[in-house]
Amino acid sequence: MASSKIETFEDFARVHALLLASSGIPPPLHRQLFHKLSAETFDGGDFFRVEPCGDDPQRRLVLAAESMEKESQLFLVDHAWTFRLPDARKQLLEIPGLAQRMASLMCVDLDLASSHENGHVEPGESHGNNDTGNVAEILEQEIHNAGEKGAEGVLWLELEELNIDDAMLCSLDLSNKFPNLVALSLCGNNLQNPEAVLQEVTKFNSLRALWLNENPVLKNCEDLMDLIVKNIPRLEIYCSCLTGNFSEWALGFCGGMYGKDNPGCFNYASLSLERLTSLDLSDRCIHSLINKKFSPEEMPCLSHLNLRRNPFDKNSADELIQLLNGFSSLHSLEVDIPGPLGKSAIEILESIPNISSLNGVSASEVLETGKHWVDSNLQPRFPQWDPDESLADRVISAMWLYLMTYRLADEEKLDETSVWYVMDELGSALRHSDMPNFRVTPFLYMPDGKLTSAISFSVLWPIQIVHQGDECTRDFLFGIGEDKQRSARLTAWFHTPEHYFMEAYEKHRQLLDSKKFAFASPCIEPSKTKSLLQDDGSALRVYTDIPQVEEFLTRPEFILTTDPKDANIIWTSMQVDDEMKKATGLTDSQYINQFPFEACLVMKHHLAETVEKALGSPEWFQPTYNLETHLSQLIGNYYARRRDGLDNLWILKPWNMARTIDTTVTGDLSAIIRLMETGPKICQKYIERPALFNGRKFDLRYIVLVRSMRPLEIFIADVFWARLANNPYSLDKSTLSEYETHFTVMNYIGRLNHMNTPDFVEEFEKEHQVKWLDIHQRIRKMIRAVFESAAAIFPDMQRSTSRAIYGVDVMLDRFFQPKLLEVTYCPDCTRACKYDTRAIVGNGETVKASDFFNYVFGCLFLDETKHVSPL
């Protein structure tokens with residue numbers, strides 16, 4: 001299409017028709033979008049304001065205008081940073097001001113401000129009210145206030161952060177001054193001696209609640225709670241936890257009935273829970289909920305109950321469900337999912353049918369969407385950093401909480417690597433909600449009508465009525481439901497229930513363990529394939545689209561043809577399926593360099609499935625997860641490794657991309673999950689401690705020739721080669737994005753430093769004091785097991801007219817044990833055709849590069865074994 005500057009809305013709509021249709025922007029807003037793009041109008045600041053979120057290191061976006069109707073207008077959001085992943089660190093280090101702006105936007109520079117500006121109090125600086133005189137004044141004031149109210153003395157006393165030590169506590173003689181005390185808080189003081197504390201607090205006969213939080217004494221005496229509860233039998237709350245003696249008072253306190261202004265009475269006779277409608281028992285360390293006061297008879301009006309983050313380890317799920325089903329007015333419930341009541345949201349709702357709202361989400365929505373677990377109050381992940389970390393490192397760690405992505409495409413092809421971007425301060429302040437009131441989408445504006453002139457923006461518009469002061473939110477996972485693992489994917493931004501994922505991982509691991517001995521290698525059967533040479537001695541006609549075969553297949557037994565219908569052998573890099581056969585006139589009698597179902601080997605997620613189905617988790621195969629189906633199990637494995645203090649570096653690989661395109665090494669769980677957005681991937685445990693060659697990482701490319709899958713008849717070429725990284729190996733975080741440090745395929749990126757295989761082997765043996773033949777035998781055994789697995793799981797792979805060559809990539813760990821990386825179809829054999837070498841095994845015969853495809857075809861089609869070894 002000829003390009004011309006866009007001047008009218010009609011031009012804009014025509015050029016951007018596909019973009020507009022896929023963006024989801026309401027058509028009535030298209031004209032407004034055109035005018036704002038044309039004039040570069042960024043007027044969001046007139047309608048919104050960005051606010052801090054209390055003490056949390058994040059910001060939120062609030063509507064400043066009076067109100068905004070659904071789909072009434074839209075706003076342009078600029079992109080503050082746009083990049084491709086391998087360039088992120090370099091840009092942060094080299095572009096002036098970028099790291100500073102991103103650090104401020106992502107709230108990872110807060111500690112760099114003045115300690116006084118951040119409210120930090122240095123040792124020795126005063127909190128105020130920290131001496132005996134001030135404590136005495138507080139006590140006198142409390143006595144005075146109680147006298148004015150005509151009460152039976154002070155019932156509630158808070159002496160918090162007053163630097164009270166053991167000696168001062170004893171000298172205050174609180175039990176004589178306040179004999180009827182119901183609640184006492186000594187939080188944030190300097191109490192250290194368990195005997196002194198026990199002596200003073202057990203003098204209060206009517207005490208219902210005692211808070212000693214943030215005092216050293218809690219660390220100095222682990223059984224202090226048991227001693228205090230034993231000596232104060234009426235105590236119901238200790239350090240925010242409900243004791244085993246909890247009753248009406250504790251329930252009334254958690255239900256908002258009692259507090260400093262209304263402490264209740266030290267006599268139970270005046271306490272009643274009949275009108276209690278809402279009860280928050282979260283974070284109360286409750287071991288058993290079976291209590292005569294926690295009952296429908298005592299609380300007949302209870303409609304909302306929060307039970308989050310309690311162990312309930314003395315109750316079974318059935319006991320808890322039976323108890324809750326007795327509350328006929330209970331309609332709103334907050335619980336851990338999975339947790340003591342059940343493993344999934346659906347399971348809980350089916351067990352307690354009266355519930356209409358679970359964790360802030362309507363029961364009908366949960367049941368309709370099939371959510372495993374729901375939580376409207378998930379705690380957000382905040383960036384973590386060391387004080388001495390650079391701004392660039394902080395941003396790299398925090399950016400996955402803010403990034404968005406798109407991939408460029410034109411009429412000819414799709415860009416192989418994705419573009420990531422961070423919206424400006426206004427856009428980045430949009431927080432997540434399952435019920436958002438705004439939607440945001442990227443949009444490429446092409447003012448000259450062609451992709452080369454494209455400028456990226458984000459477009460923001462309301463999808464609900466919004467009122468002044470309302471927080472403006474978006475759905476971080478718009479369009480992604482439970483069928484695409486929505487709940488698990490929220491882990492990128494929120495702290496989700498770890499035990500849910502660890503349980504999923506444990507089941508997965510047990511399943512793999514059960515397969516370890518389920519598959520027995522078949523006996524090697526005699527060959528059933530024969531030479532294809534015809535009796536009349538005529539050459540076999542070969543059709544190929546591979547330049548190296550055209551150039552180097554020079555044996556007289558084979559002759560090239562340009563007509564696939566005329567060929568005996570089809571040797572192609574294209575997928576040959578029934579549709580292609582029909583279009584090109586191919587027949588079932590022609591030999592093709594592909595086996596049916598070979599995707600079980602050459603597509604990374606299928607390779608993992610094949611190995612796991614046959615062998616479980618063999619030592620030569622790293623833990624691998626298909627992120628499209630096994631994200632929960634991966635997250636559980638990640639958490640289990642973190643719990644056990646194990647390394648947690650992983651490598652993400654697209655299902656079916658070569659040359660390490662879109663491949664990433666990371667130890668960041670949020671990054672792993674977010675990288676799913678750029679296409680289907682596997683996540684595989686990274687080999688953090690590989691065997692090195694002169695300090696550099698390397699892998700090995702083996703060529704495997706397959707004549708038959710049933711019986712299995714495979715050969716390994718005598719020629720293999722080592723592929724070397726260019727940079728010294730390092731696990732420093734700053735190197736993880738360095739291609740030439742962590743990757744070895746330099747044919748397409750970086751500089752290729754080829755090393756002849758005999759020289760590599762000789763130097764490797766000398767460097768590590770090992771025998772290569774021992775390593776070679778382990779590799780042979782592993783490769784055989786891979787193809788045996790495929791043959792066992794997919795018996796229909798066998799086809800008498802199939803012959804194929806595969807590349808098998810292998811890495812050695814620090815113990816020189818082989819690890820399978822991948823299997824590739826129609827591998828790049830440039831090196832094999834370019835460099836003469838000497839066979840490492842056998843008689844050490846020289847293998848000429850120009851003969852590579854001659855002996856490959858000789859093995860596959862003429863029943864020869866020159867320069868190959870049977871496996």
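Taking chymotrypsin sites (Phe, Trp or Tyr not before Pro) across the stretch 782-871, the ones in a DSSP loop with at most 13 further Cβ atoms lying within 10 angstrom of their Cβ are PHE815. Counting only DSSP H runs of at least 4 residues, each contributing -39500 (n - 2.57), and dividing by the residue count of the chain, the helix-based mean residue ellipticity at 222 nm comes to -8000 deg cm²/dmol.
Holding the Cα-Cα limit at 28 Å, pick out from LYS293/LYS314; LYS582/LYS653; LYS613/LYS834; LYS781/LYS866; LYS90/LYS685 the pairs that are longer than that. Pairs exceeding the cut-off: LYS582/LYS653; LYS613/LYS834. Treating each Cα of the stretch 289-386 as one equal point scatterer and applying the Debye formula with no solvent, the log10 of I(q)/I(0) at q = 0.23 Å⁻¹ comes out as -1.27. Carbon-plus-sulfur accessible fraction, the chain (probe radius 1.4 Å, protein heavy atoms only): 49%. Averaged per residue, the stretch 200-246 has 45 square angstrom of accessible surface, using a 1.4 angstrom probe with ligands and nucleic acids left out. The H on the amide N of TYR402, modeled in the peptide plane, is under 5 Å from the matching H of no residue at least 5 residues off or on a different chain. Heavy-atom accessible area for ASP483, with the other protein chains in place and a 1.4 Å probe, reaches approximately 130 Å².
This model, with +1 at the C-beta of Lys and Arg and -1 at the C-beta of Asp and Glu, gives the stretch 291-331 a dipole about its Cα centre of some 200 debye. Accessible area of THR846 (1.4 Å probe, protein heavy atoms only, ligands and nucleic acids ignored): about 90 Å². The order of GLU195, GLU248 by accessible area, most exposed first and with a 1.4 Å probe, is GLU195, GLU248.
Placing +1 on each Lys and Arg Cβ and -1 on each Asp and Glu Cβ, with no other charges, gives the stretch 165-300 a dipole about its Cα centre of roughly 320 debye.
Against the set [x] 72, 34, 22; [y] 62, 34, 23; [z] 65, 34, 28, the structure's computed semi-axes √(5λ) of the Cα gyration tensor in Å falls on [z]. Rolling a 1.4 Å probe across all protein chains gives ARG14 an accessible area of roughly 140 Å².
On the basis of the beta-carbon distance and an R0 of 22 Å, ASP836 and ASN753 show a calculated FRET efficiency of 0.80. Solvent-accessible surface of protein heavy atoms, probed at 1.4 angstrom with all chains present, puts ASP388, ASP813, ASP644 in the order ASP388, ASP644, ASP813, largest first. Distances between placed amide hydrogens fall under 5 Å for ARG439 paired with TRP461, ILE463, all partners being 5 or more residues away or on another chain. Taking the charge dipole of the chain about its Cα centre, with +1 at Lys and Arg Cβ atoms and -1 at Asp and Glu Cβ atoms, the residue from LEU533, ASN163, ASN854 reaching farthest to the positive side is LEU533.
Residues MET811, MET657, ordered by accessible area of protein heavy atoms at a 1.4 angstrom probe radius and largest first, appear as MET657, MET811. Please give the Cα centre distance for the stretch 36-114 versus the stretch 811-871, rounded to the nearest Å. So the two Cα centres are separated by 54 Å. Counting pairs of alpha carbon atoms under 8 Å apart in space and at least six apart in sequence, what relative contact order in percent does the chain give? Relative contact order, the chain: 11 percent. Kindly state, to the nearest 0.05, the FRET efficiency for SER730 paired with HIS768, given R0 = 22 Å and r defined as their beta-carbon distance. In this case the efficiency is close to 0.70.
When the chain is described by a simple charge dipole with +1 on each Lys and Arg Cβ and -1 on each Asp and Glu Cβ, the residue from TYR445, THR202, HIS630 located farthest towards its positive end is HIS630.
The distance between label points at THR41 and LEU323 comes to 6.0 nm (points 7 Å beyond Cα on the Cα→Cβ vector).
Taking only the C-alpha atoms of the stretch 1-105, Rg followed by Dmax gives 18.0, 55 Å.
Note on the stretch 688-737 and the stretch 551-578: Cα centroid distance 29 Å, given to the nearest whole angstrom.
I need the calculated FRET efficiency for the pair ALA167 and ASP261, taking r as the beta carbon distance and R₀ as 30 Å, to the nearest 0.05. E between ALA167 and ASP261, to the nearest 0.05, is 0.40. Taking the charge dipole of the chain about its Cα centre, with +1 at Lys and Arg Cβ atoms and -1 at Asp and Glu Cβ atoms, the residue from ALA791, ALA99, LEU700 reaching farthest to the positive side is ALA791. Contact order for the stretch 199-320, expressed relative to its length and based on alpha carbon pairs under 8 Å spaced 6+ residues apart, stands at 21 percent.
The values are calculated or read from the model by the stated rules, or taken from the named source; none is laboratory data. These figures come from a predicted structure and were not determined experimentally. Note that each Cβ is placed from the backbone with ideal geometry, even for glycine, and that neighbours are counted across all protein chains shown. Quick note on the areas: whole protein, heavy atoms, side chains included, nothing else; ligands and nucleic acids left out. Shrake-Rupley method; radii C 1.70, N 1.55, O 1.52, S 1.80 Å.
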